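Heads up, the thing below is written out as structure tokens.
The values are calculated or read from the model by the stated rules, or taken from the named source; none is laboratory data. Just so we're clear, the structure is a prediction, and the values are computed from it rather than from any experiment. Virtual Cβ from ideal backbone geometry, glycine too; neighbours counted across all protein chains shown. All accessible areas refer to the heavy atoms of the entire protein, side chains included, with ligands and DNA or RNA removed. Shrake-Rupley method; radii C 1.70, N 1.55, O 1.52, S 1.80 Å.
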Amino acid sequence: MPESKKAVGTRAKKIIRILAEEHPEADCALDHRSPFQLLISTILSAQCTDARVNQVTQSLFKKYPTPEAFVQAESEDLEEAIRPTGFFRNKAKNIQACCASLIRDHGGRVPETMEELTALAGVGRKTANVILGNCFGVPGIVVDTHFGRLSRRMGLTQESDPVKVERELADLIPPEEQVLFCHRMILHGRQVCGSRKAQCEICVVEMVCPKEELPS
Ligand code: SF4
């Protein structure tokens, strides 16, 4: 018999509390000084580690400090600068198109709504939620690969489609908890509940986690 909504909600509450105690320091792992820098960093973070993005952006933002500078860059130069993050041709194209839209439609500023953000090149709901939550204080669920995997293992959702996971978890997690909860889940996925190895024996939520879909 499927679990009741109430049982899942009770487990979610316990997991929120336990992870808050375990990872009080969890925060956005991408270095940034402005919504614009976080937007570019998040586009670069697709299929790349945050640590590598941070290495690249150290010099990138000195060379290209504004949307105008990215638009005016020679595409080969920009591709070379972001090459270590992978998929660099596509990312360079998206970044230049995104910056052109920022200048044309938003006065060079990063917009503050989901609709406007997802209209930008290279920006999906995940990236938009990162910007909204970390820069503008708008609640939202950031579903990256860690978050989706942990939510399923913890029995908080059975969905694999990121938009459906986002919707279900947004119903389950109180709005004021959502941004930090996502940071904590992502950190927990990196440190303890990895895609190939779930270290249940040292995991703080072991007592409440149903351990669904574990790797064999
Ligand atoms: S108990 Fe195991 S499956 Fe559940 S979150 Fe911890 S490591 Fe992951």
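What to note about this one:
- Sites listed here are GluC sites (Glu not before Pro) in the stretch 39-126 whose DSSP assignment is loop and whose Cβ has at most 10 other Cβ atoms within 10 Å: E74.
- Cβ-Cβ FRET estimate between R83 and V208, R0 fixed at 41 Å, reported to 0.05: 0.40
- Each Cα pair under 8 Å and six or more residues apart adds its separation to the average, and for the chain the resulting relative contact order is 22 percent.
- Heavy-atom accessible area ranking, 1.4 Å probe, most first, across M1, M207, M185: M1, M207, M185
- Pairwise FRET efficiency - T66 versus R152, Cβ, R0 = 30 Å, nearest 0.05: 0.15
- The stretch 35-136: translational diffusion in µm²/s, Stokes-Einstein, Kirkwood Rh over Cα pairs, 10 °C, 1.306 mPa s: 119
- Diagonalising the gyration tensor over the Cα atoms of the stretch 159-207 and scaling each eigenvalue by 5 before taking the square root yields semi-axes of 22, 14, 10 Å, largest first.
- For the chain, size of Cβ-based charge dipole, Lys and Arg +1, Asp and Glu -1, in debye: 420
- Distance-filtered residues of the stretch 118-159 - backbone nitrogen under 15 Å, label point 7 angstrom along E112 Cα→Cβ: 131-139
- Springs join every pair of Cα atoms under 10 Å in this Gaussian network model of the chain, and among S151, S75, S45 the largest mean-square fluctuation is at S75.
- Note on S59 and Q191: their simple-model spin labels are 3.2 nm apart, each label 7 Å out from Cα toward Cβ.
- Inter-part distance where the stretch 166-216 and the stretch 8-57 are each reduced to a Cα centre, Å: 13
- Heavy-atom accessible surface of the chain, averaged per residue, reaches 54 Å², computed with a 1.4 Å probe.
- Here's the list of aspartates and glutamates a cross-link from K14 could span, going by alpha-carbon distance under 14 Å and ignoring same-chain residues fewer than 8 apart: E22, E177, E206.
- Rg of the Cα atoms in the chain, relative to 2.2 N^0.38 Å, amounts to 1.08.
- Entries in K6/K211; K5/K197; K164/K197; K126/K197; K91/K126 that, when Cα-Cα distance is taken, lie over 22 Å: K5/K197; K164/K197; K126/K197
- Distance between modelled label sites at D161 and R52, nm, 7 Å Cα→Cβ extension: 3.0
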